[in-house]
Each structure stands twice: as C-alpha cells, then as structure tokens.
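The values are calculated or read from the model by the stated rules, or taken from the named source; none is laboratory data. What you are looking at is a predicted structure, and each value in this text was computed from that prediction instead of being measured. Ideal geometry is used to build each Cβ from the backbone, glycine not excepted, and the neighbour counts take in all protein chains shown. SASA here: full protein model, heavy atoms, side chains in, ligands and nucleic acids out. Shrake-Rupley method; radii C 1.70, N 1.55, O 1.52, S 1.80 Å.
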Amino acid sequence: MGIKFSTDFPGGNGLCLGIREGDAQEPVAVRFAAEPKNCPIALWFHFRLGGLDGRAVRLILANPEQTLGGSDWSENKAVYRTPERKWRRTEKPAAITTPGGRTEWAFDLPETQDAVEFAFCFPYQVNDFKATLSQIADSFHTEEIGISPHGRRLLRVRNQGKVSDLPGVYLTARHHAGETPGSWVLDGLLGYVARSPQLRDAARWWAVPFVSIDDVGEGSYGKDPWPWDINRAYSYAGLRRVEARAVASDVRRWAKECKPLVYIDLHAPTHRERQNYVPIPSADEEVFEQSPGAKPFAEMYLAQMPEAIRSSSAWKDTSGWVTRYEGLSSCGWVRKELNIDAFTIETSYQGNEKVDYTIANYQRMGRALAETIAQWCRNKSSR
Ligand SMILES: [Zn+2]
C-alpha cells in the first residue's frame, strides 16, 4: 500500500506535488504547496498522510514566496500529531536550494506512526469549539445569527439574560480563517470566564468564534478572499459580505442589551513574527484615528501576561503600513457606529523570543485577556 495524502476534512489544505518513498532507511519525502484557494495569498495548510508504517517523513513547503510573510521560513515551526499523541511543534525547517536558485523549506518528522497530520499552526475547527462549548454550556448560550454564502451557520455565544446596565464586551475571531491563534485565545477566555462567576456576572460577554466560517471549513487562509475580505467589508458604502452583515446586526443588538464598552477582534500576524500586539494606528482607510485607549489597553494586556509567554512589546507602530485593501474593518465600523473602544489583537503563530507557543499558552493568554477586559470595564465604569 502506498502513501496516501489527504485533505478531505474540515480545514484541509495542501496540494501534493510529489511523494518519494525511497528505501526503508530513508524518510518519505513529500513536496507540497500551501493552497491559496480563493485568496491572492496563501498561508494555511493542514493535511494527513497515511500508509507510513512508522517511517520518518520530510515535508517540503514548495511555495513560500506565495505566503503572507514571504519566502523566509527559517524560524518557523509547524505542528504535527500522530494518532496516539497530541499536537506538538516541529523543529525549524532546513533550507533546500533548488537548481534554479529558489529556496524551499523541509520539515523533518523523525517519529510517526502509520499516519500523521501536519499543519501550519494548531488547527481550530467548529468541533473544537463545540467541545469547549459543551463544558461551558451552563454559562454561555449559543445562537445562530445568520448563514454564510455556502450555507454554513454563523454562531455567536453569550452569557446570561438581559441586564441592560452591565458593561458589554463583544469579541470576534477568524475574520481571516487561517488565523487560529486568535481562536485558541478566545477558547481560553471563554473557559476562564465560565469558571469565574465574578468575571462572568460582571459583564455581558458576547463572541462570534468563526466569522469567515466558509474559509474555516474549506481550509482557505481567507485573507482578501474572493469577492471581498470580510474584515474590509464593513464599509459605509454598504456591508459587502453577509458575514459582516450578521456581525453588524448582532453588535447593534448587543449594544441595546448592555452598556457597550469594548469590541475586540482577534487575529494573527505574518507567519514568522514572534510578537503579540495591538496594531497602532489601524490600517483603515475610512477611520484614520485609532481608539485613544489602544496603547493603555495593550500595555495592560501585556502586564496580565505571564512572564514566560509575554511578548517584548504590547503594540506595534503600523503607521508606515500601506493597506492593500479598501474598505472598513470591523473595529473601524464599531468605533464609528458606537463610538466605543475597538481593538485588533495580533497573536503570533510561533511564540515569543524564548518559547514556542503551545495550545495551553494560547489559552493562558485568553485568561490574561479576560482579566484585562474586566479591569478595563471596571476603570471605564468608575469614571
Ligand atoms: Zn487577520
């Protein structure tokens, strides 16, 4: 039986360009590309290999130039798991120079079983969210707030019933579908808030776990996808995506049921950045000013983070960035529509200068974010 390469599962991505089995002593070499699918830029990949019979594997990323962050993957550690072990990081990849002078990147997996799964970063799919939800269902209730272009259900969770004078917090993740660190942070935040009656009862917590739900399910990175980036679709010229329309309607509903204080949109940066940060100013063409609270909020979040997983700075000066995308982001729209704080948070796929992040690290950041938000609400409410 030969090696089987597959992506026919939620979030699957990867184009197999060639498999070389060699003899029993050699690793199986699989050359693959991160598929751009509906986007002008690739990044996400997640595929399975079967029929390995325990042989070592070398996985070669063949199109690094087409990924967000570009061709230098020298510092990047991907993730893999075998049927009997949880996700873990690879080592850094080896550079392979092609006869034509290009560089491709080889990730070595010395230990496999019959099968192995390999991904750019820790996957987070609807089933992962549902597993967490089953543990927090006493605290958080789920509702469908619309459907996607391909007929998937857009979900939102929220805590408790109507208490209109409580401060309101609204979070979104996966406006860009491949940015799974944001999901693990949200996962940690929801679990922590559910376990802490003090936090849970102090605010109205609402969250949309997957905005670009089609791209999440179909394994697209989802940055600037056809026909329009969802996080540039909140323009006053009109909401250009049904997903944005569902979120915008829901944010308006939320704002009537609480004292809306803060909106947070969770993202991840380019592939090799080893920093977590709030980008200042925002890249919005239609909103030129960042929320004045962005820097203090970012500093507060940094201070809540345990030393070991803390990033070296809280925010990043992005004033030199030229946005390639027209249109208004969700944060820009919230600022204009409700005149409240709205922040984007970028969480590294990799780690900080010292450690490579694990799923537990991301969830721990969610706990720090929950404490930061609660503190922010207390400060705002006491004014
Ligand atoms: Zn993003």
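List of remarks:
- Residue pairs whose Cβ atoms lie under 6 Å apart, separated by 6 or more positions or on different chains, with the first residue in region 1-24 and in contact (Cβ under 8 Å) with a residue 12 or more places away in the chain and the second of a type in the set (Lys, Arg) and open to solvent by 80 Å² or more (accessible area, probe 1.4 Å), are SER6/ARG48; LEU17/ARG31; GLY18/ARG31.
- Where strands (runs of 3 or more DSSP E) sit wholly within region 52-158, those with at least 3 residues that are aliphatic (A, V, I, L, M) occupy 57-61, 94-97.
- Candidates GLU144, GLU111, filtered to the one that is over 21 Å from TYR349 (Cα atoms), modelled with pLDDT under 95 and open to solvent by 40 Å² or more (accessible area, probe 1.4 Å): GLU111
- Close pairs from region 167-180: first not assigned by TED's automatic domain parsing to the domain that holds ILE41 and assigned to a strand (DSSP E or B), partner within 10 Å of the ligand (Cβ to nearest atom) and open to solvent by less than 10 Å² (accessible area, probe 1.4 Å), Cβ under 8 Å, at least 6 apart: LEU171/ASP265; LEU171/LEU266; THR172/ASP265; THR172/LEU266; ALA173/GLU179; ALA173/GLY182; ALA173/ASP265; ALA173/LEU266
- Subset of region 205-252 (residues that are within 16 Å of the ligand (Cβ to nearest atom) and in a strand (DSSP E or B)): VAL208
- Breaking point among (1) within 16 Å of the ligand (Cβ to nearest atom); (2) surrounded by fewer than 24 Cβ atoms within 10 Å (Cβ to Cβ), for GLN198: (1)
- Single unsatisfied condition, GLY54 versus (1) open to solvent by 70 Å² or more (accessible area, probe 1.4 Å); (2) in contact with an Asp or Glu (Cβ under 8 Å, 6 or more places away or on another chain): (1)
- For ASN76, the conditions (1) open to solvent by 60 Å² or more (accessible area, probe 1.4 Å); (2) modelled with pLDDT of 95 or more are fulfilled apart from (1).
- Residue count for region 17-38, restricted to those that are farther than 21 Å from LYS77 by Cα, touching a helix residue (DSSP H, G or I) at 6+ places or on another chain (Cβ under 8 Å) and either polar (S, T, N, Q) or open to solvent by less than 70 Å² (accessible area, probe 1.4 Å) (or both): 1.
- Checking VAL169, VAL185, VAL157 one by one, the residue that is within 14 Å of the ligand (Cβ to nearest atom), within 30 Å of SER382 (Cβ to Cβ) and β-branched (Val, Ile, Thr) is VAL185 and no other.
- Selection from region 334-348 of residues that are outside any helix (DSSP H, G or I), on the phi < 0 side of the Ramachandran plot and more than 16 Å from the ligand (Cβ to nearest atom): ILE340, ASP341
- Taking first residues from region 351-377 that are in contact (Cβ under 8 Å) with a residue 60 or more places away in the chain and over 19 Å from SER313 (Cβ atoms) and partners that are part of a helix (DSSP H, G or I) and among the acidic types (Asp, Glu), the Cβ contacts under 8 Å between residues at least 6 apart in sequence or on separate chains come to GLN363/ASP187; GLY366/ASP187.
- Across region 349-368, the number of residues qualifying as out of contact with any strand residue (DSSP E or B) (no Cβ under 9 Å at 6 or more places or on another chain), in a loop (DSSP other than H, G, I, E, B) and surrounded by 21 or more Cβ atoms within 10 Å (Cβ to Cβ) comes to 1.
- Within region 82-106, residues that are within 11 Å of ILE60 (Cα to Cα) sit with their Cβ atoms under 8 Å from residues that are among the small types (Gly, Ala, Ser) and assigned to a loop (DSSP other than H, G, I, E, B), at 6+ positions apart or across chains, in these pairs: PRO93/SER74; PRO93/ALA78; ALA95/SER74; THR103/SER71; GLU104/ALA62; TRP105/SER74.
- Applying the criterion of being away from the ligand (no atom under 13 Å from the Cβ) and out of contact with any helix residue (DSSP H, G or I) (no Cβ under 9 Å at 6 or more places or on another chain) to the residues of region 261-276, the residue that is farthest from ASP187 (Cα to Cα) is ARG272.
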